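J.: Before we start, here is the structure in question, set down as structure tokens.
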Amino acid sequence: MRVLFLEAPYKHKAELGHEVLTYIISKKYKTIGLYMAVQFVESLDRIKKQLKEVGVAVVTSTPLRSQHKGQLLGCDVFSGNLQIKEEERREIDAYMYIGDGKFHPNALLYGQKDLHVDELREVICYDPISAKINVIRVEDIRGVLKRYRGALLKFLGAKRIGVISSLKPGQEFVKVSMMLEKKFPDKKFYFFVDESISFNQLENYNFIDLWVNTACPRIGFDDTEWFSKGIINLNDAFLVEEILSKNSVLNQV
């Protein structure tokens, strides 16, 4: 089936309201890391100007899989996905997400899981349509991080690993996932490949000790209730010992 994806930009002027600007000023933030849903990327310069007018500098970028500067995807859950220079990241006092819902801004929280607690930044969510502000922090996903760390620890001792792979464009990492066999020769890997993943069928394979997800990385965080044996993402499987050795918020939950 041929598929055509079209962007649907917001037709009206998107800008920051009085409440959210007042909040930023009250917190005395000097630098904001600014990201938004694709519908609002045309308003990036306007919002940057508003922040500049109240004395706030802006750091933004074109994340790894994005097409536009400032565009945030829900799969940007790793610290390197935003492609921000280290010195710029350290200058950021808080992140701001322009759009609705929590799915996309939560990616900014998950992306901080490898950082030290002193480096954690809150995410100011602002919906320019409803003019509502919501602030989320790493504490809001502490339970998810605790389960994820448990799965990472379990991976070290697991012997039979189920590797879930999708054939969807942008989520197809079958060949890369097979490198796990070379990385961990003491483990037995079973590869499950499909166009669409049916979580409710995975319990049929009760010999699996733990699952590794190679599809959308949000599965490893948002869908853990489907995996009684635990699940981790492919990137973290390759770096599991390094991740667990860090003095990061993930290891302090």
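Coordinate-derived values only; no laboratory data. Since the model is a prediction, treat every value here as computed from it, not as a measurement. Ideal geometry is used to build each Cβ from the backbone, glycine not excepted, and the neighbour counts take in all protein chains shown.
J.: Once the other residues with Cβ under 14 Å from the Cβ of Phe5 are scored (Lys, Arg +1; Asp, Glu -1), what is the net sum?
T.: Once all neighbours under 14 Å are counted, the net charge is +2.
J.: Report, in whole Å, the centroid distance computed from the Cα atoms of the stretch 149-163 and the stretch 89-105.
T.: Spelled out, the Cα-based centre of one part sits 31 Å from the other.
J.: Give me the mean projected area, in nm² to one decimal, of the convex hull enclosing the Cα positions of the chain.
T.: Approximately 14.7 nm², given one-decimal rounding.
J.: Further question: Of Ile136, Gln83, Val54, which is farthest towards the positive pole of the chain's charge dipole, taken about the Cα centre with +1 and -1 on the beta-carbons of Lys, Arg and Asp, Glu respectively?
T.: Gln83
J.: While we're looking at this one, here's another question. From the backbone phi of the stretch 49-58, what are the Karplus-calculated ³J(HN,Hα) couplings (6.51 cos²θ - 1.76 cosθ + 1.60, θ = phi - 60°) in whole Hz, Gly and Pro given as x?
T.: Those phi angles translate into 5, 4, 5, 4, 5, 9, x, 10, 7, 10 Hz.
J.: For the stretch 18-136, what is the number of Lys pairs with C-alpha distance below 16 angstrom, counting only pairs 8 or more positions apart or on separate chains?
T.: So the count works out to 9.
J.: Can you give the alpha-carbon Rg of the stretch 142-252 over 2.2 N^0.38 Å, where N counts its residues?
T.: In units of the 2.2 N^0.38 Å rule of thumb, it is 1.00.
J.: Okay, next question. Restricting to bridges with both residues inside the chain, how much of the DSSP beta-bridge set is antiparallel, in percent to the nearest 5?
T.: Expressed as a percentage, antiparallel bridges in the chain total about 15.
J.: Hey, which lysines would be in cross-link range of Lys188, C-alpha to C-alpha under 16 Å, not counting anything within fewer than 8 residues on its own chain?
T.: Lys154, Lys159, Lys229
J.: Right, here's the next one. Provide the packing ranking of 31-42, 83-94, i.e. peptides ordered by the mean count of other C-beta atoms within 10 Å per residue, highest first.
T.: 31-42, 83-94
J.: Follow-up. Output the 0 to 90 degree angle, nearest 10, between the alpha-carbon long axis of helix 142-157 and the longest principal axis computed from the alpha carbons of the chain.
T.: The angle comes out at about 30 degrees.
J.: So, one more: Which one of His18, His104, His116 has the biggest mean-square fluctuation once the chain is modelled by GNM with Cα springs under 10 Å?
T.: His18
J.: Something else about it: Among Ser198, Ser79, Ser166, which one moves the most in a GNM of the chain with springs linking Cα atoms closer than 10 Å?
T.: In this elastic network of the chain, the residue with the biggest mean-square fluctuation among Ser198, Ser79, Ser166 is Ser198.
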